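The next block holds one structure in the form of structure tokens; read it before the comments.
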Amino acid sequence: MGVTTQTGAVILAQQSIAPPPIHYSAIAPVLIVLGAACLAVLVEAFVPRRLRWSVQVGLSLCTLVAAGAWLVVYARGEPMGLTTLADTLAIDTPTLFLWGTLLVLGLASILLIADRSVEPGGAFVAESSAAPSPSPRAASGGSTGGTATSIAPAPTPAPARATASVAEMRTEVFPLGLFSLGGMMVFCAANDLLTMFIALEALSLPLYVMCGLARRRRLLSQEAAVKYFLLGAFASAFFLYGLALLYGYAGSVELSAIADATAGSLRSDTLLFAGLGLLVVGLLFKGSVGPFHMWTPDVYHGAPTAVTGFMAACTKVAAFGAILRVLHVAFEASSWEWHWVLWTVAVVSMVIGAVLGLTQSDIKRMVAYSSIAHAGFLLIGAITLTDEGLSATLFYLLAYGVTTIAVFGVISLVRTSEGEATHLSAWSGLAKRSPLIAWVFTFLLLALAGIPLTSGFMGKFVVFSAALTAGMAPLVVIALVASAVAAFFYLRVIVLMHFNEPAPDGPTVSVPGAFTTAAITLGVVVTLLLGVLPTPVLDWASVGGFVS
């Protein structure tokens, strides 16, 4: 009798720990990216240094193309709207759209990162632990028209070492980029807060390292990495504390369980709204939404420009993908309580981005404040909580992302002997030095300003239309005013380029290599197509909503 009882207990135990079903075809794009990132680490360990760059570039590009091809095939043939990995990941239309957006933006970012023609040897330092540049001006982050900080010059390296440092480029940036991209894909598909937190760290930690790898202006780059790390850790603590409070309220970290608790729980709402507030602070930080934007201008300015483009586009897509899922799935029933708070946050973000952007004299910092203003526009779409608002926000993320990466690709081309010329005075008369680059940059700036026949106009149009339908007319009026104010600093750069005379000793425009040319061309073409023919993309974004 005792043996029979023990055997039954063993059978029950085996049944209770049976592994959950896994839909490998649904999560294949994430597995491809993360698997390639692990393979790229092995490349760093075993492939000879002279071959690493070629192998890493080929592996990264093939990975993103393969993941994108699989995503297209799955979206066309497989049923959508499922959860997998013990309900930790939700694969639905918004997830597939966000994954496709991240893969396109990741491809453009890898092209910029891989370029070694604009900056000889690549934009990334040859030795991660290398001392700052012997040039005080370059090391301190000075640029044409800027203020240099005096520091003691570093010892001059041996000639052979200097030659090697120019010829070589640390290629660990490629696996770091793939790991971060894989974390972003999990982040916007996470169906519970614990998975979301793990993905948040997976996407953030590689970015902290990538920000400090600039070949030029080492001190500024290292300062950006430290600031991003410290403030990012602070925001992660907010997210984790909010997660703990919500677990105490709902007894679960699953978004659907939190939604059920908010709809019919007798518990005190103190835990709910305290947890929601802390959780949203962490998410808004990653999306660089004001007033949680403190890291954005300094990190955008100090990081390598290719990494800045990667952060500005991909991180914003992942952050707002997570914001959309959290608000739509977990907190829609309690929207009346938090709706006005996020109204205020959206207004603050738009005002900060538009007004402070007017005061900037550095073009990378100007685009950083532009990003903060756009985050406010995106938040309008996120808080509408309608299908129209969801599809409009997804479209805006794609439109903003491709334009922003192309903008940073152009910024990397205007250079002096000390590196990129990011002070606005250096862009004076650029159209007379390089008409093609000036007109490309003009088109991209007009897209950011929301001028018709560009993706920026269509993005704002669909978001504002969804907000008007949801009864948010006052917020739309404020957004239109902020857009008009922000358009001034875009037009200021256009006037500088086309109507001012270039300085005799001004910067030159580097001839872009094949990779940078491909990234900029991709951005310009997609920006134009989304402005002229937005319907196919909007239709895909409108197919369905979130599952839980």
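The values are calculated or read from the model by the stated rules, or taken from the named source; none is laboratory data. Predicted model only: the values in this text are computed from it and were never measured. Cβ: placed from backbone, ideal geometry, glycine included. Neighbour counts: every protein chain shown.
Summary table below
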{"item": "Segment 464-476 residues that are touching a residue at least 40 places away in the same chain (Cβ under 8 Å), paired with ones that are surrounded by fewer than 22 Cβ atoms within 10 Å (Cβ to Cβ) and of a type in the set (Gly, Ala, Ser) (beta carbon under 8 Å, 6 or more apart)", "result": "Ala467/Ala473"}
{"item": "Check on Ser465, of a type in the set (S, T, N, Q), part of a helix (DSSP H, G or I), in contact with a Gly (Cβ under 8 Å, 6 or more places away or on another chain) and farther than 22 Å from Ala123 by Cβ", "result": "no"}
{"item": "Filter result for Ala199 (modelled with pLDDT of 90 or more, surrounded by 20 or more Cβ atoms within 10 Å (Cβ to Cβ) and either in contact with a strand residue (DSSP E or B) (Cβ under 9 Å, 6 or more places away or on another chain) or under 27 Å from Asp87 (Cβ atoms) (or both))", "result": "yes"}
{"item": "Count of residues meeting criterion [in contact (Cβ under 8 Å) with a residue 24 or more places away in the chain and part of a helix (DSSP H, G or I)] in segment 530-548", "result": "7"}
{"item": "Subset of segment 227-256 that is among the hydroxyl-bearing types (Ser, Thr, Tyr) and at pLDDT 90 or above - its residue that is nearest to Pro297 (Cα to Cα)", "result": "Tyr228"}
{"item": "Pair list, Cβ under 7 Å, 6 or more apart: segment 192-221 residue closer than 20 Å to Leu255 by Cα, other residue acidic (Asp, Glu) and modelled with pLDDT under 95", "result": "Asp192/Glu254"}
{"item": "Residue within segment 403-415 that is surrounded by fewer than 24 Cβ atoms within 10 Å (Cβ to Cβ) and over 24 Å from the mean Cα position of the chain (by Cα) present", "result": "yes"}
{"item": "Subset of segment 95-113 [farther than 14 Å from Leu181 by Cβ and either at pLDDT below 90 or of a type in the set (Phe, Trp, Tyr) (or both)]", "result": "Phe97"}
{"item": "The listed residue being touching a residue at least 24 places away in the same chain (Cβ under 8 Å), under 27 Å from Gly409 (Cβ atoms), of a type outside the set (A, V, I, L, M, F, W, C) and in contact with a helix residue (DSSP H, G or I) (Cβ under 6 Å, 6 or more places away or on another chain), out of Thr101, Thr88", "result": "Thr101"}
{"item": "Extreme residue, nearest to Ala114 (Cα to Cα), among residues of segment 303-317 that are in a helix (DSSP H, G or I) and among the aliphatic types (A, V, I, L, M)", "result": "Ala306"}
{"item": "Residue that is surrounded by the most Cβ atoms within 10 Å (Cβ to Cβ) [pool: residues in segment 258-276 that are more than 16 Å from Phe197 (Cβ to Cβ) and among the small types (Gly, Ala, Ser)]", "result": "Ala261"}
{"item": "Residue match in segment 424-435 (condition: closer than 19 Å to Leu522 by Cα, crowded, with 23+ Cβ neighbours inside 10 Å and out of contact with any Lys or Arg (no Cβ under 9 Å at 6 or more places or on another chain))", "result": "no"}
{"item": "Members of segment 253-276 found to be touching a residue at least 60 places away in the same chain (Cβ under 8 Å) and over 16 Å from Cys188 (Cα atoms), listed by number", "result": "Ile258, Ala259, Thr262, Ala263, Asp269, Leu272, Phe273, Leu276"}
{"item": "Single residue of segment 495-547 satisfying the filter (surrounded by 20 or more Cβ atoms within 10 Å (Cβ to Cβ) and hydroxyl-bearing (Ser, Thr, Tyr)) that is farthest from Phe320 (Cα to Cα)", "result": "Thr516"}
{"item": "Residues of segment 170-192 satisfying the condition of being within 24 Å of Arg52 (Cβ to Cβ), of a type outside the set (Phe, Trp, Tyr) and out of contact with any strand residue (DSSP E or B) (no Cβ under 7 Å at 6 or more places or on another chain)", "result": "Thr171, Glu172, Pro175, Leu176, Gly177, Leu178, Ser180, Leu181, Gly182, Gly183"}
{"item": "Exclusive hit being surrounded by fewer than 23 Cβ atoms within 10 Å (Cβ to Cβ) and either within 23 Å of Leu105 (Cβ to Cβ) or touching a strand residue (DSSP E or B) at 6+ places or on another chain (Cβ under 7 Å) (or both), set Phe488, Phe443", "result": "Phe443"}
{"item": "Residues satisfying the stated conditions in segment 46-74, i.e. crowded, with 17+ Cβ neighbours inside 10 Å, more than 23 Å from the chain's Cα centre (by Cα) and touching a residue at least 60 places away in the same chain (Cβ under 8 Å)", "result": "Arg52, Trp53"}
{"item": "Residues located in segment 40-63, provided they are hydrophobic (A, V, I, L, M, F, W, C) and outside any helix (DSSP H, G or I)", "result": "Val47"}
{"item": "So Ile451, is it surrounded by fewer than 19 Cβ atoms within 10 Å (Cβ to Cβ) and in contact with a helix residue (DSSP H, G or I) (Cβ under 8 Å, 6 or more places away or on another chain)", "result": "yes"}
